[in-house]
């Protein structure tokens, strides 16, 4: 069993982004952390054969099945069930719109051979930029999903943001939540997820993981801020795009995320970057 792998959950509309992400992994993955990919069953054969040959590629149904079909919710269910493959103790869950921008190592994600770092912070920078661009910092995504998730686990205290992606997760935590906690309260993960969803339509897998870890202390918690610089909003990008160069950002972050709206910008950036 591997001590850690990189994991990308994807589907056909995101393949072009995934190709760029994989390019960046191949360029900067100095410890050769294994890469695992899963694909919606109906798109599995559409992923080019070169990726099937080079990496471990699974159908989503090899991991789990779910009654939840809406895309952004569905992919959370799959990512939260990765432990069922039993191929690694820990994994780094990467979204398709991610790009690495500098060398990275196992030690970036693991404190020791068994314990991943936990993304866990107050996200004051995100709250600040939200207010600057006219959004209510108390209603941004992590605030809402935390409010809806925390009551299930009885936690209190600081309002933690357990993102943004990528997430370094322990399979032990996800397995215990599925196989112990949910069985004790007689719920499937789909049912549990839907109960959060019914409150304000804001379930988030990173908040579920973080709050369950906070409740159980199944592994030691070594908190870190996000691995990647994330441009969450168009207005944020417009305000910040000229503040720091990529050369400056890579002194601070492992990577960068232009969320889905930034596809053209990202493509241009990567064409330049991979020539360096």
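The values are calculated or read from the model by the stated rules, or taken from the named source; none is laboratory data. Just so we're clear, the structure is a prediction, and the values are computed from it rather than from any experiment. Neighbour counts are summed over all protein chains in view; Cβ atoms, including those assigned to glycine, are modelled from backbone coordinates with ideal geometry.
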Original post:
Across the stretch 149-166, which residue is nearest to residue 189 (Cα to Cα) among those that are free of Cβ contacts under 8 Å to residues at least 60 places away in the same chain and crowded, with 20+ Cβ neighbours inside 10 Å?
Top reply: 162
Subject >> Scan of the stretch 134-148 for residues that are farther than 17 Å from residue 73 by Cα and either surrounded by 15 or more Cβ atoms within 10 Å (Cβ to Cβ) or touching a strand residue (DSSP E or B) at 6+ places or on another chain (Cβ under 7 Å) (or both), ordered by number >> reply: 135, 137, 140, 143, 147
Original post:
Does the stretch 190-202 contain any residue that is more than 26 Å from residue 257 (Cβ to Cβ), surrounded by 18 or more Cβ atoms within 10 Å (Cβ to Cβ) and either at pLDDT 90 or above or touching a strand residue (DSSP E or B) at 6+ places or on another chain (Cβ under 6 Å) (or both)?
Top reply: yes
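Residue-wise test of (1) buried (at least 18 other Cβ atoms within 10 Å of the Cβ); (2) outside any loop (DSSP other than H, G, I, E, B).
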| site | (1), (2) |
| --- | --- |
| 9 | yes, yes |
| 25 | yes, yes |
| 33 | yes, no |
| 37 | yes, yes |
| 50 | no, yes |
| 65 | no, no |
Subject >> the stretch 80-93, subset under 15 Å from residue 176 (Cα atoms) and within 15 Å of the chain's Cα centre (by Cα), residue surrounded by the fewest Cβ atoms within 10 Å (Cβ to Cβ) >> reply: 81
Original post:
Would you say residue 224 is at pLDDT 70 or above, surrounded by 17 or more Cβ atoms within 10 Å (Cβ to Cβ) and either within 29 Å of residue 175 (Cα to Cα) or touching a helix residue (DSSP H, G or I) at 6+ places or on another chain (Cβ under 8 Å) (or both)?
Top reply: no
Subject >> Residue that is nearest to the chain's Cα centre (by Cα) [pool: residues in the stretch 39-48 that are surrounded by 16 or more Cβ atoms within 10 Å (Cβ to Cβ) and under 17 Å from residue 78 (Cα atoms)] >> reply: 39
Original post:
Which numbered condition trips up residue 86, out of (1) in contact (Cβ under 8 Å) with a residue 24 or more places away in the chain; (2) at negative phi?
Top reply: (2)
